[in-house]
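One structure is given here, and the rest of the page talks about it.
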Amino acid sequence: MWRDALLVAGKDLRIELRSRITINQILPFAFIVLIVFAFALDTSPDTLKEVAPGLFWLAVLFSSILGVDRAVAIERNDSAGEGLLVYGVDPGGIFLGKAASVFVQLFLLEIVLILGMVVLYGPKIGGWLLIVLSAVFATLGISAAGVLYSQLASGSKAKQTLLPLLLVPVASPVLLAATKSWQDAFAGTSSLGDPWLRLLIVFAVVYLALGSVFYSSILEG
Amino acid sequence: MNGYVEAGYLAVLGGLGGYSALLLGKSKKLKKSLLPVKTKNDRDESRPL
Amino acid sequence: MESKRYKRVRRAAGIASLLSVAVTVILGLWVTPPDVVQGQLVRLIYVHPPVAWVAYLAYGVTSIASILYLWKRTRNLRWDLLAVSSAEVGVIFTGLTLITGSIWGRPAWGVWWTWDARLTTTALLFVLYLGYLALRRVPADSHQRAVRSAIAGLIAFIDVPIVHQSVVWWRTLHQGATVLNPSLSPKIHGEMATTLLIGFISFTFVYIWMLMQRYQIADLEQRVLDVELEQLIKERRNEPGVGSSQIESTEDVDNADQPSKV
């Protein structure tokens, strides 16, 4: 399963390297979200500083919808997904691989986006360890839940509208927890015993486990 | 009483009543659509209905 | 067609819910006394918590039915029909929970909506199961749809405690819980407690009746689909120059969709 996961992740990332959809389309989209939030909040510097973590994670969540949609969509071309199953690739491995690939892409996007956030909103950043750890687990959770739901909704014509409706409420605890733990980190009250970090870890583990178990039923059923 | 209490009871009764009416109407319509299935093309009568 | 016993139970549940809801309303609106603290507003307690309880009950039933479908030894399309029926009734009751909560909140707290943990969780629950119902409308063959929605239903249910915990922390880590002020909560005793109990029972009856009615509709819908398919196959058969092999394959699909006998 783990070997299959690595294979699938490598394949998906290679596809991304060649098509550059994340870099050319999703990343600019995330930036424009950051910019229009500033329009909506009327650029009062103090407000922006205060809500910066929330806006950042909202931008990530929106971008993730595009990312997971694409991760599942590439298997639909020429029934590539069925091909993988016929080759005997473990379905749980496919899930973990896809989640890993989305994770890598989202994480890189976050690194660029955090620079954008600093420049545009100017919050004071501290507590790097907590920031990085929460980002890792939040992104894992979003990727796992996202790939799972994207596969559930796949095959429907209404997928583009269905996926956000399914994913956003499920991922809302991640949005909340990641925002709060970053606020704690920015405020300098960071400790690794932060309850929000624990919640993020629980969410990531639960959804990675659910996906590995159920992915085969979704693919075959 | 004070308006709010009545509104609350009305909302619950109206909501549940509306949904019940919807359910009853739907099942009536479905039952009707199942009745006249024996048309000119019907050759086997073995299908239980 | 539905069995006589099913029909009888459903009718009994219908009559029981009509009568008991009437009793709840009469007791709640006129017989019970107003509360010392909340005044007339306390009358909402006879409908709001029972409606919320039914919503959770309905989602519990959906999850159990989903598990029973996913478990291969108990797999049967009936569980799928039960899951969707219960989820739909649950969404109705969740909507009513939000509405009555809001109506209660306005005079009690001065706002229609407050970011209280329970309110926020309920709102997210409402959207979660709306998504579940939307996913069910995606056209697919009945087994595929059943598997997918069973998984979605289960994920939604597992998400509920996580959502709740996060929202509770969100509200309590940064400011004290203002809503659950103990002096505001009414002291329940005597005929109020009885009325509340009758409220719980009566809305549970309503749930049972609605569930049975909705389940029957889901079952009938399956039958209509089958009959329509049968009709199409017959028309095909009567067309000149249609090979029988083609018909075999369509019939396989038909068999896979056999409705469950109630």
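Every read-out reported here was derived from the displayed coordinates using simple, explicitly stated rules and does not represent laboratory data. These numbers come from a predicted model, not from an experiment. Cβ coordinates were reconstructed from backbone atoms using ideal geometry, including for glycine residues, and neighbour counts include every protein chain displayed.
If you take the alpha carbon radius of gyration of the stretch C:11-114 and divide it by 2.2 N^0.38 Å, what ratio comes out, to two decimals?
That works out to 1.38 for the stretch C:11-114.
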In whole angstrom, and with the biggest value first, how far do the Cα coordinates of the stretch A:1-129 range along each principal axis? 57, 31, 20
Name the residue, out of A:154, A:64, A:181, whose mean-square fluctuation peaks in a Gaussian network model built on chain A with Cα pairs under 10 Å. A:154
Across the residues of A:162-172, average count of Cβ atoms on other protein chains within 10 Å? 6
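Two-decimal Rg/Rh of chain A from alpha-carbon positions, Kirkwood Rh?
Computed over Cα atoms, the ratio is 0.99.
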Measuring from its Cα centre, the protein assembly as shown shows a charge dipole (+1 at each Lys and Arg Cβ, -1 at each Asp and Glu Cβ) which, in debye to the nearest 20, is 1160
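Could you order peptides C:19-29, C:155-165 by the average number of other Cβ atoms within 10 Å of their residues, highest first?
Descending mean neighbour count gives C:155-165, C:19-29.
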Let me check the size of the stretch C:59-182 from its C-alpha atoms; what are the radius of gyration and Dmax in Å? 17.0, 53
Cβ-based charge dipole, the protein assembly as shown, positive-most Cα from B:10, C:101, C:66: B:10
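Peptide C:158-170: average number of partner chain Cβ atoms within 10 Å per residue? It would help to have the intermediate numbers written out before the result.
Working: counts 4, 10, 0, 2, 11, 6, 1, 6, 13, 3, 0, 7, 6.
The shielding value for this peptide is 5.
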GNM on chain A, Cα springs under 10 Å; top mean-square fluctuation among A:19, A:63, A:172 goes to A:19
With the contact rule set at Cα under 8 Å and sequence spacing of 6 or more, what percent relative contact order holds for chain A? 29
Take every residue in peptide C:40-48, count the Cβ atoms of other chains within 10 Å of its Cβ, and give the average of those counts. 4
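Dipole size in debye (nearest 20) for the stretch A:2-220 around its Cα centre, Lys and Arg Cβ +1, Asp and Glu Cβ -1?
200
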Once R0 is set to 56 Å, what does the formula 1/(1 + (r/R0)^6) return for the Cβ-Cβ distance between residue A:108 and residue C:26, expressed as a FRET efficiency to the nearest 0.05? 0.30
In 20 Å bins starting at 0, how do the alpha-carbon pair distances of the protein assembly as shown split up by percent? 19, 45, 31, 5, 0
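Taking all pairs of distinct Cα atoms, average 1/r, flip it, and tell me the Kirkwood hydrodynamic radius of the stretch C:4-220 in Å to one decimal place.
On the way: mean 1/r = 0.0532 Å⁻¹.
The answer is 18.8 Å.
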Taking chain A as a Gaussian network, Cα atoms linked when under 10 Å apart, which of A:152, A:129, A:208 shows the biggest mean-square fluctuation? A:129
Once the piece of chain linking residue A:85 and residue A:2 is laid out straight, how much longer is it, given 0.36 nm per residue of separation minus the C-alpha distance between them? 28.3 nm
Taking a crude spin-label model, label points 7 Å out from Cα along the C-beta direction, the residue C:238 to residue C:109 distance in nm is 6.4
Sort out for me the Cα centre separation of the stretch A:134-192 from the stretch A:33-85, rounded to whole Å. 10
Label point distance in nm, residue C:75-residue C:9, each placed 7 Å from Cα along Cα→Cβ: 2.5
Using the Cα centre as the reference, give the magnitude of the dipole from point charges on the C-beta atoms of the stretch C:4-220 (Lys, Arg: +1; Asp, Glu: -1; all else neutral), rounded to the nearest 20 debye. 880
Relative contact order for the stretch C:4-220 using alpha-carbon pairs under 8 Å, separation at least 6, rounded to a whole percent? 37
